[in-house]
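What follows is a set of notes on a single structure, which appears directly below.
The values are calculated or read from the model by the stated rules, or taken from the named source; none is laboratory data. As the structure is a prediction and not an experimental result, all values here were calculated from the model. Reconstructed Cβ throughout: ideal geometry from the backbone, glycine too, with neighbour counts over all protein chains shown. Areas reflect the complete protein model, heavy atoms only, side chains present, ligands, DNA and RNA absent. Shrake-Rupley method; radii C 1.70, N 1.55, O 1.52, S 1.80 Å.
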Amino acid sequence: MSYTKWQAFKPLPALQHLVEYYWVFEAGSDGEVTRPQIVLPSPTPALFFGYTTAEAFPGQEALLGGTDEAWLCRPVCYQRLELQCAPGTGLLGITFLPTGFYQLFGLSMAQAYAAGPALAGRAGAFVRALAAALAGAPTDTARAGAAEALLLAETGPGEWPTALETLAAGVLQRHGQVSVDALATEAHLCRRQFERRFREVVGVAPKLFAEISRFRYVVEQLNAQPLVDWQDVTHECGYYDQAHLIREFRRFTGETPASFLQQGQHLAPVAFEESE
């Protein structure tokens, strides 16, 4: 699928402990049949909102978090997804830090995804208010601003992250190269308590979250190197050997790294791939 626009926006300082960035994407509008967009596994959950068409994701009901408002939840996920957008679709995305959505709304993105169109409470009110605001927002800056204003309204004065939220951020910063036992010790919890609480807040088990975070680091390393040195990538990303890296890459993408790259896939860790 070609696209006519991709732009990212940084959040205000007051939201930078919750939101990684906002982004705007517009699909090509030439009316041609478009190929699916690849959504790679990511340790950062996201919300997508369609703002130009009534049906932004035709035939994608299994992926949708909402139908009337054309909004979609992408929890912390370990599976490669392929999303088909209608030609001419404009999307606003909010990519949260691992626990940002939970800190704001008291539930993980995985729980919001499971609720689907029945999402209630403050999270449900937020997605519906933003969908309505986007309908009248004339520019990308106004769209990102609408999201930011509604998110700011959800933040409390003087709030501080909990130890668990700090640990989740630390796993991402350490590119997943940390053991669950070490994390449980840092949280002053037994392993079972830690795993249960982590899954509640983040949406996946801590071991899987660390593995996804390491995969994201692989993506970053491959993007940074025009000529891939697999030995360097293997060592830098903390895999035992190249066979271990290839096995994990296949687990998360369905392909070996070489096969994926040979097809000209773009590995940037954003919502959609860049296509020719």
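Kindly list the number of the only condition in (1) closer than 29 Å to Arg199 by Cβ; (2) crowded, with 21+ Cβ neighbours inside 10 Å; (3) touching a strand residue (DSSP E or B) at 6+ places or on another chain (Cβ under 9 Å); (4) not hydrophobic (A, V, I, L, M, F, W, C) that fails for Tyr113.
With respect to (1) closer than 29 Å to Arg199 by Cβ; (2) crowded, with 21+ Cβ neighbours inside 10 Å; (3) touching a strand residue (DSSP E or B) at 6+ places or on another chain (Cβ under 9 Å); (4) not hydrophobic (A, V, I, L, M, F, W, C), Tyr113 is out only on (2).
Residue check, Glu236 against (1) closer than 24 Å to Leu40 by Cα; (2) open to solvent by less than 40 Å² (accessible area, probe 1.4 Å); (3) in contact (Cβ under 8 Å) with a residue 12 or more places away in the chain; (4) not hydrophobic (A, V, I, L, M, F, W, C), all met but one. Which one?
(2)
Residues are listed down the side, and each one gets a yes or a no for (1) modelled with pLDDT under 90; (2) over 21 Å from Phe126 (Cα atoms); (3) crowded, with 17+ Cβ neighbours inside 10 Å:
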position	(1), (2), (3)
Glu20	no, no, yes
Arg35	yes, yes, no
Thr52	yes, no, no
Thr99	no, no, yes
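For segment 158-169, which positions are surrounded by fewer than 16 Cβ atoms within 10 Å (Cβ to Cβ) and either of a type in the set (Phe, Trp, Tyr) or modelled with pLDDT of 90 or more (or both)?
Correct list: Trp160 only.
Is it the case that segment 211-227 has a residue that's touching a residue at least 12 places away in the same chain (Cβ under 8 Å), among the acidic types (Asp, Glu) and touching a Pro at 6+ places or on another chain (Cβ under 7 Å)?
Among the residues of segment 211-227, at least one is touching a residue at least 12 places away in the same chain (Cβ under 8 Å), among the acidic types (Asp, Glu) and touching a Pro at 6+ places or on another chain (Cβ under 7 Å), which makes the answer yes.
Consider segment 171-225. How many of its residues are over 20 Å from Tyr102 (Cα atoms) and assigned to a helix (DSSP H, G or I)?
Matching residues across segment 171-225 total 19.
Would you point out which residue out of Leu130, Leu134 is over 21 Å from Ala14 (Cα atoms), open to solvent by less than 60 Å² (accessible area, probe 1.4 Å) and aliphatic (A, V, I, L, M)?
It is Leu134.
Looking at the structure I just gave you, is Pro269 modelled with pLDDT under 95, open to solvent by 30 Å² or more (accessible area, probe 1.4 Å) and under 16 Å from the mean Cα position of the chain (by Cα)?
Criteria met by Pro269.
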